[in-house]
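K.L.:
Structure in structure tokens, see below.
Any read-out appearing in this document is the output of simple, stated calculations on the displayed coordinates, not a laboratory observation. Source: prediction; values computed, not measured. When we count neighbours, we look across all protein chains shown, and the Cβ atoms used for this are built from the backbone with ideal geometry, even at glycine.
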Amino acid sequence: MTHINQEIPREQWADYLARISKQEHDEWVRVESISTDMGDQPLSERLPLIDIMLETKGSDAGAVQITVGRENEQITHRILEPERLVAELNGNGGVLECLEICERGNAKTLIFFERTSIFDDMAAPI
């Protein structure tokens, strides 16, 4: 399967993340953190996306915040010093499969968008 990596210009981050948050709200995601110090760390297993946003005001301006889970059980992950935002798109239609947020110091946060239809198809009898 072909994938296309598309870097999002910094001046478009707030609008892009707001659009993803709206379009993918309640879709299943998996969040991982990768760093040279800590290795691969799962931050959340398959949970619904609540929100992903760029903080535009205050002392945390420029930080990206990801919230997943359900109403009473939420996990929030903050990326304080993001440097790049890269969308990995499926080459067959440009569907977002992964959002890579590169941080200062070679760390990355990966948000994998796991479409429910993929899992529904897997559960269907053969």
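K.L.:
Starting from the Cα gyration tensor of the range 73-114, take the square roots of the eigenvalues, sort them a ≥ b ≥ c, and report rounded, prolate or oblate (rounded when a/c is under 1.5, otherwise prolate if a/b is larger than b/c, else oblate).
P.N.:
It is oblate, given that a/c is not under 1.5 and a/b is not larger than b/c.
K.L.:
Quick check: the angle from helix 13-23's long axis to the longest principal axis of the chain, C-alpha only, nearest 10 degrees?
P.N.:
Roughly 30 degrees between the two axes.
K.L.:
Here's another thing I want to ask about it. Nothing charged except the Cβ atoms of Lys and Arg (+1) and of Asp and Glu (-1): what's the magnitude of the dipole of the range 3-89 about its Cα centre? Round to the nearest 20 debye.
P.N.:
I would put it at about 160 debye.
K.L.:
Okay, next question. Among rounded, prolate and oblate, which fits the range 43-120 when a ≥ b ≥ c are the square roots of the eigenvalues of its C-alpha gyration tensor, a/c under 1.5 means rounded, and a/b larger than b/c means prolate?
P.N.:
Since a/c reaches 1.5 but b/c is at least a/b, the shape of the range 43-120 is classed as oblate.
K.L.:
Ok, one more. So how much slack lies between Asn92 and His25, counting 0.36 nm per residue of separation and subtracting their Cα-Cα distance, in nm?
P.N.:
Length gained between Asn92 and His25: 21.9 nm.
K.L.:
Label Asp37 and Leu80 with points 7 Å out from Cα along Cα→Cβ: what is the distance between them in nm?
P.N.:
For the pair Asp37/Leu80, the computed spacing is 1.0 nm.
K.L.:
Something else: Among Ile34, Asn90, Asn5, whose Cα projects farthest towards the positive end of the dipole of the chain, with charges put on the beta-carbon of Lys, Arg (+1) and Asp, Glu (-1)?
P.N.:
Value: Asn5.
K.L.:
Could I ask something else about it? Sum -39500 (n - 2.57) across every DSSP H segment of at least 4 residues in the chain, then divide by the residue count to get the 222 nm mean residue ellipticity, nearest 500.
P.N.:
-4500 deg cm²/dmol
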